[in-house]
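Undergrad: The structure is given below, and queries will be raised subsequently.
Each reported figure results from applying straightforward, stated rules to the coordinates on display, with no laboratory input. Here the structure is a predicted model, which means the values were calculated and not measured. Positions of Cβ are generated from backbone atoms using ideal geometry, with glycine treated the same way; all protein chains shown enter the neighbour counts.
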Amino acid sequence: MLWIRWELLLMASIFWQRGHTDNHEATKSLGHVTVVVVGGTGDLARKYLWQGFFQLYADQVGKGHTFSFYGGGLSPTEKGTPLLFGILKELACPPELSVERCDLVKDQFLHLSKYHQLKTTEDYEKLSQQIKQQLGQEGMVEAGRLFYLSVPAFAYADIAEKINNTCRPPSDAWLRVVLEKPFGHDLYSAQALDKKLSGQLKEEEMYRIDHYLGKQVVSKILPFRKENKKLLDPIWNKHHIERIEIVLKETLDAKGRIQFYDQYGVIRDVLQNHLTEVMTLMLMNLPANLSNSKEILQNKLNFLASLQHVDNSNAVVGQYQAYNEEVQEELNKTKDYFSLTPTFAGVVVHVDNAQYEGIPIFMTSGKALDERVSYARVLFKSDVFCVQDPNNVQCKSKQIIFYLGHGTLQYPAILLSKNLFKPKLASSGDWKEVTEYKDVNMLGLPLSDYYIQSPVTPREAYCELISHVFFGRKDSFISAEGLLASWEFWTPLLEGLSRVFPRVYPGGVANGNLLNFQLQGHQVAFSHEAVVNVIKPGAEDNFQVMQGKYRSSEMVSAWAQELVERLASDLLLAAEEAIHEEGQFHLALSGGSSPVALLRALALNLYTFPWRNTHIWQVDERCVPHTESGSNFRSIHDLLLQHIRIPYFNIHPMPVHLTQRLCVEEDSGPTLYEKEIKKHVNGSSFHYILIGVGQDGHTASLFQDTKLENDEERLVILTESPIKPHQRMSLTFTAINRARRVGVLIMGKSKHELVSQLSRIKGESSKYPITKVQPKSGTLIWYIDYDALLG
């Protein structure tokens, strides 16, 4: 065929230009590679992909491989061909090529390229037949086929099936299929997509692309850490790092992309992938061998598994003012439609390991902000006190910045403040030291206060990644396990934020300080109140805490935040009183959703709480391993225990998992817990028991059908719940009613009907187990927020 003869002629011409120096080695055939860009006339292909494949061809021509390129699309050939060649003729010459050589290479690239309609299974069969026919006529050996799916994600499974059934190369040639994000919408959709794709393609054949991994600074993070390991190791930990910031700011809005963007929002679009990958490369364990893809991917997985759970309390979200109108216009929504999709997010992440414990990782991105810039910064603690000359370099902040581009610097670079150390410069020659500085500041320091390294030749991210696909470098791509691990981390936050109204911001420099956010303990909040028009508050908003009577016992009521603060304060007073009298405080906590806000308040705000003299017990537990997310103890651990200093032997989880079994009567778990209570708690009388109430009126894990007639003296029993997991362990009413104080916490509008019903019941009711909570000599206090009380 003419297209292969053209390429052979070009190879011969290039060898002649090189003066025959590598003739023998270069003429050795390494086989033919077929490249198919599905969606080859689309926007991504026009902007980046064809330039990347042209760069690949320019890099590889004359080195043994031959190529053919197909732009695939839904349009028929007569319509698609002029569209494709309109794109190809506009391709820019790689800077390393002379004008003459570029003209030659580009001319041949055009001759090797062809449009092919790819719509039906028959179209893919014809493509495969054409590839085989061309190779057979020229007697070429096939090296492999590279399919780049530049199409919406919903089409991946169908195209993968067509490739698998009709376009696989021979068994001795490779197949590589590149997939663009998004890879799902959450953990469940990502799992479903992975299941469909893995039924058609092997994991080693799939290259899930995140173009951030192709940015030169991002791909340099691991080598930089490796090259400077001896100097970084002593300071790359919680004792020296104050905070980490990973930032991607955009000035553009989402106009024109609303159909996609409104389904995903900024966290799915940027944080779950780009910023998470950058964070992982910065903090994962260094592999022994940077060329070992398996080790790199495994270390990434290990790091993702160490991230602490994030929820609404760890994030703030915003939406630029014009966004909702753009949604109404582009999605044909009515004027009363309001989108909750965030266009800005600030999230603080923590790592649960000894090296990085306690270091806040600030991740933020947004549209319609004041500048376009992207960077990751490691800010170190200051260990110098300057009595005089605060402008001395040793008195200034210590930081390492991985600067991805744009902003004041304009070029990608790694900056390291001179009061840390001088970094090594790799001998490969791909990077250079910058010695001429612009008169600008970078995150608080003039450029002259940094050692700066930058790529010798800037290369576009897609060019880098397309080259990595060609060479089969899997470490530059997202593995299935890594993808699902990332979604597993982000999905709970996304679910929690789905009902949160984002803060509206005007856009650009007019945002001022409206989007600044701060860390309080482990909780995140905007630093400044938003100026918005609100309905004038009524009289009910002018009081905070109200005390009264409910079911003949004391009641405290307030809005949720004030109520939790009051309960936390009451617990502190009870603890101080008990420790003063007996030297220790025994607190039993129930599971469920009721105590979540309280546990956060205790962990993050009450620094004076006497944890060293406090014993933590469980009111009830689900019969699941303590390591599972459904475990009440796991919740207490994640929300409270890991944030406080409490002696290990003061923590008393219920023994639901004995002899590798869960809540088996013969294992005597309730008896063991009862013995432990009697051993440590004076008279088996807890100082404070905190419980909640389910909508069906159950408390602890004591339900309407729980039989207690024969267990009146028991303190702990196994019970059955009407909802999964059915098996539970629980304190009995005997144990609860022996307590010095019992607090019942009820919050949320969903509990209003229950609160009303209970208020009408006198004494006990078998229908509502909570009515059996009647401390014999202790005090019962109801803590009910206004939503539950007033509806």
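Undergrad: How about region 708-791: which trypsin sites (Lys or Arg not before Pro) there are in a DSSP loop, with at most 14 other Cβ atoms within 10 Å of their Cβ?
TA: Lys762, Lys767, Lys776
Undergrad: I'd like to compare 350-358, 147-155: which one has the highest average count of other Cβ atoms within 10 Å, and what's the full order after that?
TA: 147-155, 350-358
Undergrad: For a label point 7 angstrom out from the Cα of Leu340 toward its Cβ, which stretches of region 246-264 have the backbone nitrogen within less than 20 Å?
TA: Counting only backbone N, you get 259-264.
Undergrad: Shifting gears a bit: Starting from the Cα-Cα distance between Asn332 and Glu122, subtract it from 0.36 nm times their residue separation and give me the gain in nm to one decimal.
TA: In short, 72.0 nm is gained.
Undergrad: Right, here's the next one. Work out, step by step, the length gained on full extension between Val545 and Ser291: first 0.36 nm times the residue separation, then minus their alpha carbon distance; give nm to one decimal.
TA: Contour length minus Cα-Cα distance gives 85.2 nm.
Undergrad: Find, to one decimal place in angstroms, the Kirkwood hydrodynamic radius of region 733-778, where the mean of 1/r is taken over every pair of different Cα atoms and then inverted.
TA: By the Kirkwood definition, the hydrodynamic radius is 11.8 Å.
Undergrad: Further question on the same structure: Give me the aspartates and glutamates in straight-line cross-link reach of Lys162: C-alpha distance below 14 Å, same-chain residues under 8 apart excluded.
TA: Glu122, Asp123, Glu125
Undergrad: Continuing with this model, one more query. For Asp439 and Gln520, what is the calculated FRET efficiency with R₀ set at 35 Å and r taken between the beta-carbons, to the nearest 0.05?
TA: Taking R0 as 35 Å, the efficiency between Asp439 and Gln520 is 0.40.
Undergrad: In 20 Å bins starting at 0, how do the alpha-carbon pair distances of the chain split up by percent?
TA: 13, 38, 32, 14, 3, 0
Undergrad: Also, quick follow-up: For region 679-791, what class follows from the C-alpha gyration tensor (a ≥ b ≥ c being the square roots of its eigenvalues): rounded when a/c is under 1.5, otherwise prolate if a/b is larger than b/c, else oblate?
TA: Oblate.
Undergrad: Taking the Cα atoms only, what angle lies between the long axis of helix 77-88 and the longest principal axis of the chain, rounded to 10 degrees?
TA: Result, in degrees: 90.
Undergrad: For the pair Thr166 and Gln410, how long in nm is the line joining their label points, each one 7 Å along Cα→Cβ?
TA: The two pseudo-label positions are separated by 5.0 nm.
Undergrad: Over what distance in Å are the Cα centres of region 713-791 and region 178-195 separated?
TA: 43 Å
Undergrad: Between Ser629 and Ser498, take the C-beta separation as r, use R0 = 22 Å, and let me know the FRET efficiency to the nearest 0.05.
TA: With a Förster radius of 22 Å, E is 0.75.
Undergrad: Pop the C-beta distance of Gln263 and Glu713 into the FRET formula with R0 = 56 Å and round what comes out to the nearest 0.05.
TA: 0.45
Undergrad: Also, quick follow-up: Compute the relative contact order of region 213-526 as a whole-number percentage, counting only Cα pairs closer than 8 Å that sit 6 or more residues apart in sequence.
TA: 27 percent
Undergrad: In nm, to one decimal, how far is the Lys749 label point from the Ile644 one, both placed 7 Å along Cα→Cβ?
TA: Roughly 3.3 nm, to one decimal.
Undergrad: Mind checking Rg over Rh on region 551-688, alpha carbons, Kirkwood formula for Rh?
TA: Value, to two decimals: 0.97.
Undergrad: Contour minus end-to-end for Ser668 and Ala305, with contour as 0.36 nm per residue of separation and end-to-end as the Cα-Cα distance?
TA: The span from Ser668 to Ala305 would gain 127.3 nm if fully extended.
Undergrad: Here's something else I'd like to know. How far is helix 187-198 tilted off the main Cα axis of the chain, in degrees rounded to 10, range 0 to 90?
TA: Tilt relative to the chain: about 40 degrees.
Undergrad: Tell me, what HN-Hα J-couplings in whole Hz come from the Karplus equation 6.51 cos²θ - 1.76 cosθ + 1.60 at θ = phi - 60° for each residue of region 615-622, using x for Gly and Pro?
TA: 10, 9, 10, 9, 7, 7, 8, 7
Undergrad: To continue, here is another question. Hey, any idea what the orientation-averaged projected area of the convex hull of region 239-281's Cα atoms comes to, in nm²?
TA: 4.1 nm²
Undergrad: Restricting attention to region 297-398, which trypsin sites (Lys or Arg not before Pro) occupy a DSSP loop and are surrounded by at most 11 other Cβ atoms within 10 Å?
TA: Lys335
Undergrad: On to the next question. So which chymotrypsin sites (Phe, Trp or Tyr not before Pro) in region 578-681 end up in coil per DSSP with only 12 or fewer other C-beta atoms within 10 Å?
TA: Qualifying residues, ordered by number: Tyr607.
Undergrad: Could you tell me which of the pairs Lys202/Lys300; Lys749/Lys776; Lys367/Lys432; Lys422/Lys474; Lys678/Lys762 are separated by over 25 angstrom between their Cα atoms in the structure shown?
TA: Lys749/Lys776; Lys367/Lys432; Lys422/Lys474; Lys678/Lys762
Undergrad: Between Rg and the Kirkwood Rh of region 31-180, both from Cα atoms, what is the Rg to Rh ratio?
TA: That ratio is 0.95, to two decimals.
Undergrad: Could you order peptides 315-322, 254-261 by the average number of other Cβ atoms within 10 Å of their residues, highest first?
TA: Averaged packing, sorted descending, gives the order 315-322, 254-261.
Undergrad: Please determine, in degrees from 0 to 90 and to the nearest 10, the orientation of helix 99-111 with respect to the longest principal axis defined by the Cα atoms of the chain, where the helix direction is its Cα long axis.
TA: 80 degrees
Undergrad: How big is the charge dipole of region 31-180 about its Cα centre, in debye rounded to the nearest 20, if each Lys and Arg gets +1 on its Cβ and each Asp and Glu gets -1 on its Cβ?
TA: Computed about the Cα centre, the dipole is about 80 debye.
Undergrad: Additional query: Given Cα pairs under 8 Å that are at least 6 residues apart, what percent is the relative contact order of the chain?
TA: Once divided by the residue count of the chain, the mean separation gives 10 percent.
Undergrad: Please state the relative contact order of region 31-180 as a whole percent: Cα pairs under 8 Å, 6+ residues apart?
TA: 33 percent
Undergrad: Under the Karplus relation 6.51 cos²θ - 1.76 cosθ + 1.60, θ = phi - 60°, what is the ordered set of whole-Hz ³J(HN,Hα) values for region 453-468, x standing for Gly and Pro?
TA: Each residue's phi maps through the Karplus curve to give 10, 9, x, 5, 10, x, 10, 5, 4, 5, 4, 4, 6, 4, 4, 5 Hz.
Undergrad: If you don't mind, another one. When you take every Cα atom in region 349-466, what is the radius of gyration, and what is Dmax, the widest Cα pair distance, in Å?
TA: Just the Cα atoms of region 349-466 yield Rg and Dmax of 16.3, 54 Å.
Undergrad: Let me ask another. Using only the alpha carbons, work out the radius of gyration and Dmax of region 213-526 in angstrom.
TA: Every Cα atom of region 213-526 included, Rg and Dmax give 20.0, 64 Å.
Undergrad: If each DSSP helix of 4+ residues adds -39,500 (n - 2.57) and the sum is divided by the residues in the chain, what number results at 222 nm, nearest 500 deg cm²/dmol?
TA: -9500 deg cm²/dmol
Undergrad: So how far, in whole Å, is the C-alpha centre of region 385-458 from the one of region 633-682?
TA: Taking the Cα centre of region 633-682 as reference, the centre of region 385-458 is 52 Å away.
Undergrad: Moving on to the next point. Going by a ≥ b ≥ c, the root eigenvalues of the Cα gyration tensor, does region 392-436 fall in the rounded group (a/c under 1.5), the prolate group (a/b larger than b/c) or the oblate group?
TA: Note, shape of region 392-436 comes out oblate.
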